[in-house]
There are 2 protein chains.
Amino acid sequence: MTNRYVKDFPKSVNIVEVGPRDGLQNEPEILPVETKVAFIEGLAEAGLRQIEMTSFVHPKAVPQLADAAQLIASVTQQPGVVYSALVPNVKGLERAIESGIQRIAVFTAASNSFTKKNIHMTVGESLKTFEQVVQKAKQAGLSVRGYVSTCFVCPYEGDVDPKDVFEVTQRLLEMGVDEVSLGDTVGAAVPTDVYRTVGFITETLAKERLALHFHDTFGTALANVCAGLELGIRTFDSSAGGLGGCPYAPGASGNLATEDLVYLLARMGIESGVDLAKLAQVSGNIEKQLNKELPSRQLKRLKTLNSLPVSS
Amino acid sequence: MTNRYVKDFPKSVNIVEVGPRDGLQNEPEILPVETKVAFIEGLAEAGLRQIEMTSFVHPKAVPQLADAAQLIASVTQQPGVVYSALVPNVKGLERAIESGIQRIAVFTAASNSFTKKNIHMTVGESLKTFEQVVQKAKQAGLSVRGYVSTCFVCPYEGDVDPKDVFEVTQRLLEMGVDEVSLGDTVGAAVPTDVYRTVGFITETLAKERLALHFHDTFGTALANVCAGLELGIRTFDSSAGGLGGCPYAPGASGNLATEDLVYLLARMGIESGVDLAKLAQVSGNIEKQLNKELPSRQLKRLKTLNSLPVSS
């Protein structure tokens, strides 16, 4: 049989697990710190090597993550796993450094309307803020991840020009950000968007320093991951169970579920290092704590088919 | 800006709407014939050009579709729209011919364990049965569609050999079937499966006579559609609202939702002829009649964002 149609996909990819931060900050329920500790430790045991644990935003803005420092102090960190926390400004960075976290993340977007509504700054103003944050973080020996939201579609402006995505990404890399995660915030992107925008960017910028962050709101996340793989991107963000973000209706997905990403990769013969059954058990526990059904397809399947034992 | 990463996708595709048959036969609720008539007429008004209306299986086996003849007689057919009905055997074909339908569909699979459990025949036996059916249908001036289930994964046998898919597809085409629809019954396929199996088949068999039928059970349907488009396939099956088949849990998808397919295609610049808002209204009405939330992502979005008017 011919191998003519077997594509040159990478042998392995990195998954950045954002459930504890991007997921839980969007869940109405505030979980106790012990539950989050068990969640994060479980994720590392399931094989996730990069975990965004929490955020040093103002506790009043995101009460779900108000226990950031306590959480970081309580998690038993595994060697070989990189733990990170989001930081909105210099004040947040100071708290992050004090917490002993190794890696921080900063957050901007490719469209001004979105950053204005979301972080009350223009894209340019946010980059100025982050220049200081990144410099101080680097001086303190931390590595830095940058998120760029609305890389394909802005909920206020519509289609986003790939050049705008390129410019903000380049600025972040130039100021010392180690990896930039390009996000489809609305979940509206399709593979042609990925080919166009990510293809354009990777003509100039190093693929190794880029990650893709898709939402499965319209069911296109895995199609977009495949487009990214084809373009040579090797790092993808996802959220255990599909935690976080039900923008339209209960049961609708926000973040791409890590289980669904792991399934796709495994069946494509691409190594992620994650044990799907273990991960589903960890996500199943959080689902129970939140008392709501999480959108992950594989989580549903494994719960039903194997009567997955979920400890309480 | 470069166009280097803009792929050579087709300008237009054909959607075969299977909701009234493949969808409704898997819904526990039996809808009144008037509701189905309005559904099918609405689908044609929304721009669908191929609609599988019903099935001439034994009414006791599928009571949901026991009104097949009455339904076909009651629908006001639109010029340019091809309506079809599933036919399991010669007896069913006779009823189909009597009903005046233009096109029938026959149903087999690529794995023996599946056909044995599902239609109580081996693949070979089913092909013998259909040889007679196809011949008589052709003599009566009908066109014929063939479904091949389990083209990638069999729930009993696991991975399916592309050669087995090739053989059954070739046999169906040789006996006069006009178009063969290759189905991912379990919903477990990923793009590499599509490249391998469909790529292998299209080396010998005409792409124009093949369709792909994906289930979104694990969220891979649209990724698989993109792989199919890349291989030059131009016909895809889907089900309005994602009707039919919740194999694992409520809210889990079976059939790919037509709305989600139409969204993907439209954003990729590929013409399908379907008006998404009109279609969502038609599916919204059926959702109301079935009194359950259908899995289509776009249906959720349009209901929530636009407060879609759904007539009762």
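Couple of notes before you dig in:
- Every test in (1) in contact with a helix residue (DSSP H, G or I) (Cβ under 8 Å, 6 or more places away or on another chain); (2) of a type outside the set (D, E, K, R); (3) free of Cβ contacts under 8 Å to residues at least 40 places away in the same chain is passed by residue A:158 save one, and that test is (1).
A quick yes/no check of all residues on (1) polar (S, T, N, Q); (2) farther than 20 Å from residue A:43 by Cβ; (3) at pLDDT 95 or above:
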| site | (1), (2), (3) |
| --- | --- |
| A:100 | no, no, yes |
| A:138 | no, yes, yes |
| A:152 | no, yes, yes |
| A:156 | no, yes, no |
| A:175 | no, yes, yes |
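- Extreme residue, surrounded by the fewest Cβ atoms within 10 Å (Cβ to Cβ), among residues of the range A:29-75 that are small (Gly, Ala, Ser) and outside any loop (DSSP other than H, G, I, E, B): A:73
- The set of residues in the range A:10-28 being assigned to a loop (DSSP other than H, G, I, E, B) and crowded, with 23+ Cβ neighbours inside 10 Å consists of A:18 alone.
- Residue count for the range A:91-120 under the criterion of being farther than 28 Å from residue A:70 by Cβ and surrounded by fewer than 18 Cβ atoms within 10 Å (Cβ to Cβ): the result is 3.
- Qualifying residue in the range B:128-146 (condition: closer than 24 Å to residue B:186 by Cα and in contact with a Leu (Cβ under 7 Å, 6 or more places away or on another chain)): yes
- Residue list for the range A:192-204, restricted to those being within 19 Å of residue A:13 (Cα to Cα) and part of a loop (DSSP other than H, G, I, E, B): A:202
- Criterion: assigned to a strand (DSSP E or B), over 24 Å from residue B:256 (Cβ atoms) and in contact (Cβ under 8 Å) with a residue 24 or more places away in the chain - qualifying residue of A:168, A:133, A:148: A:148
- Residues of the range B:209-225 that are within 11 Å of chain A (Cβ to nearest Cβ) and either surrounded by fewer than 24 Cβ atoms within 10 Å (Cβ to Cβ) or among the aliphatic types (A, V, I, L, M) (or both): B:221, B:222, B:223, B:225.
- Residue tally, condition free of Cβ contacts under 8 Å to residues at least 60 places away in the same chain, part of a helix (DSSP H, G or I) and either in contact with a helix residue (DSSP H, G or I) (Cβ under 6 Å, 6 or more places away or on another chain) or buried (at least 22 other Cβ atoms within 10 Å of the Cβ) (or both), over the range A:288-300: 4
- Among the residues of the range B:136-145, those identified as surrounded by fewer than 16 Cβ atoms within 10 Å (Cβ to Cβ) and part of a loop (DSSP other than H, G, I, E, B) are B:140, B:141.
- Residue A:184 vs. criteria closer than 28 Å to residue B:218 by Cα and acidic (Asp, Glu): yes
- Scope the range B:152-180; condition of a type in the set (Ser, Thr, Tyr) and either closer than 17 Å to residue B:117 by Cα or outside the structural domain of residue B:113 (by TED's automatic domain parsing) (or both); matching residues: B:156
- Given (1) within 24 Å of residue B:238 (Cα to Cα); (2) at pLDDT 95 or above, number of the condition residue B:91 does not satisfy: (1)
- Of the criteria (1) more than 8 Å from every other protein chain (Cβ to nearest Cβ); (2) surrounded by fewer than 24 Cβ atoms within 10 Å (Cβ to Cβ); (3) closer than 25 Å to residue A:221 by Cα, which one residue B:202 fails: (3)
- The sole residue among A:222, A:212 that is in a strand (DSSP E or B) and touching a helix residue (DSSP H, G or I) at 6+ places or on another chain (Cβ under 7 Å) is A:212.
- Any hit, the range A:234-245, residues being acidic (Asp, Glu) and either over 20 Å from the mean Cα position of the chain (by Cα) or within 13 Å of chain B (Cβ to nearest Cβ) (or both): no
- Of residues in the range A:276-304 being closer than 19 Å to residue A:20 by Cα and β-branched (Val, Ile, Thr), the one nearest to the other protein chains (Cβ to nearest Cβ): A:286
- The range B:13-42 - residue that is touching a residue at least 60 places away in the same chain (Cβ under 8 Å) and over 18 Å from the mean Cα position of the chain (by Cα) and, of those, nearest to residue B:66 (Cα to Cα): B:31
- Selection status of residue B:54, of a type in the set (S, T, N, Q), outside the structural domain of residue B:271 (by TED's automatic domain parsing) and in contact with a strand residue (DSSP E or B) (Cβ under 9 Å, 6 or more places away or on another chain): no
- Looking only at the range A:176-191, and only at residues there that are more than 14 Å from chain B (Cβ to nearest Cβ) and part of a loop (DSSP other than H, G, I, E, B), the one that is farthest from residue A:153 (Cα to Cα): A:176
- Within this structure, residue A:269 passes the test of being within 13 Å of another protein chain (Cβ to nearest Cβ) and either closer than 18 Å to residue B:191 by Cβ or not aromatic (Phe, Trp, Tyr) (or both).
- Any hit, the range A:255-263, residues being polar (S, T, N, Q), crowded, with 24+ Cβ neighbours inside 10 Å and more than 8 Å from chain B (Cβ to nearest Cβ): yes
The values are calculated or read from the model by the stated rules, or taken from the named source; none is laboratory data. In this text, all values refer to a predicted model and were calculated from it rather than measured experimentally. Please note: Cβ atoms are built from the backbone with ideal geometry, for glycine as well, and neighbour counts cover all protein chains shown.
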